[in-house]
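Below you will find the structure I want to go over with you.
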Amino acid sequence: MSNNLKPILAQLAIGETLSEAQAEAAFGIIMSGEATPAQIAGLLMAMRVRGETVPELAGAVRAIRARMLAIEAPPGAIDVCGTGGDNAGTLNVSTAVTFVLAGAGVPVAKHGNRALSSRTGGADVLTALGVNVDVPVERLAGILRAANCTFLFAPRHHAALRHAAGPRVELGTRTIFNLLGPLANPARVTRQLTGVFSSAWARPMAETLARLGSEAAWIVHGQGLDELTVAGDNQVVALADGKIAEFIVTPEDAGLPRAPIEAIKGGDAETNAAAMLVLFRGAAGPYRDTVLLNTAAALIVAGKTRDLHGGVAIAARSLDTGAAMAALETLKRETA
């Protein structure tokens, strides 16, 4: 048992918030294996019931980053991922966006996991596509340089989080850890497109990234999804040049037609992988349009275009020339 955590728990028990330094210390204790399951659960639930703050998020992320197994990424590398937790069961969007971006010349260090709150996670669909997500960590930087993309399998980079796994499962509800994954990319990227399961968390996550030194980010939520959708309005909180702006993005802003979310309903890993291959071979439709919209947003974050129309044109070229498919084939070869 950690006596160092007791004062922090007492503070939380009366509804007070933690400073960034206190949060970093608390999560450092947890990840060092010094806290008991009861202490971990108590801390997580006290923060959840009261509502986690930006300083608490930032402190927790700093503690995770200090203990993660990091890799070196080239300048301008970006991450595209979501928090999960939208329970929508859609086709894999951010994984497809990874290859479209790579084909367009943007290096992508994609942080992800197997399915936890969704039916098919990034690691699941990549495995079904023939990508080895378990290559030695020391090879990942080289793979990123060769393929212009790589997959950073979260459990391998954040082993210290295992100490909180038991209490999280037993609590069976959303905790601060659901928000931390997208904020702790092992390649230390400073640009990212991140989807959130609830629009209420878009601004706090953007503010957290600003505190942590990110250059640019879009935190997005679309019609219940942790990504941009062509089904209707999308809420965006954007970070650029140290400033945060909030706005709405529609499919029409990118020159794309609307389609219901049901049009991109997915299935198991094999089903979603097959759909992605069809997309990369030139298929039109709502899945392509959804991937184009999200890729366009990521290209803005990466500084490669100024608007969604321009981003869609770049993304379409990556798909139509076979560059996205080539990026997938290269990643398969490099991870074999």
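Separation of segment 217-267 and segment 268-336 by C-alpha centroid, Å?
That distance is 16 Å.
Considering the chain as a Gaussian network with a 10 Å cut-off on Cα pairs, which listed residue, 300, 219, 64, attains the greatest mean-square fluctuation?
Comparing 300, 219, 64 in a Gaussian network model of the chain, the most mobile one is 300.
Taking the Cα-to-Cβ direction at residue 45 and at residue 270 and moving 7 Å from each Cα, how far apart do the two end points lie in nm?
Simple spin-label model gives 4.2 nm for this pair.
Could you pull out the pairs from 6/243; 110/265; 6/110; 265/332 whose alpha carbons sit more than 31 Å apart here? Write out the running numbers ahead of the final one.
Values: 6/243 37 Å; 110/265 22 Å; 6/110 37 Å; 265/332 26 Å.
Beyond 31 Å: 6/243; 6/110.
Determine the calculated [θ] at 222 nm for the chain from helices alone, applying -39500 (n - 2.57) to every DSSP H run no shorter than 4 residues and normalising by the residue count; nearest 500 deg cm²/dmol.
Details: 15 runs with 153 residues, N = 336.
When only DSSP H runs of four or more count, the value is -13500 deg cm²/dmol.
While we're on this one: Would you mind telling me which residue in 263, 275, 326 has the biggest mean-square fluctuation in a Gaussian network model of the chain, where springs connect alpha carbons within a distance under 10 angstrom?
It is 263.
With Cβ to Cβ distances under 10 Å as the rule, what net charge do the other residues near residue 95 carry (K, R +1; D, E -1)?
On the way: positive: 110; negative: 124.
Value of the local net charge: 0.
Taking the structure as given and computing volume of the Cα convex hull per residue in Å³, which label from [x] 135; [y] 227; [z] 114 fits?
[z]
Another question about this same structure. How high is the FRET efficiency between residue 38 and residue 17 when r is their beta carbon distance and R₀ equals 22 Å, given to the nearest 0.05?
FRET efficiency, residue 38 to residue 17: 0.55.
On to the next question. For residue 132 and residue 263, what does the FRET efficiency come to when R0 = 51 Å and r is the distance between their Cβ atoms, rounded to the nearest 0.05?
0.95
I'd like the antiparallel share, as a percent to the nearest 5, of DSSP beta bridges with both residues in the chain.
50
Read the figures in this text as sums done on the coordinates, not as results from a lab. Since the structure is predicted, the reported quantities are computational estimates derived from the model, not experimental observations. Neighbour counts run over all protein chains shown; Cβ positions are idealised from the backbone, glycine included.
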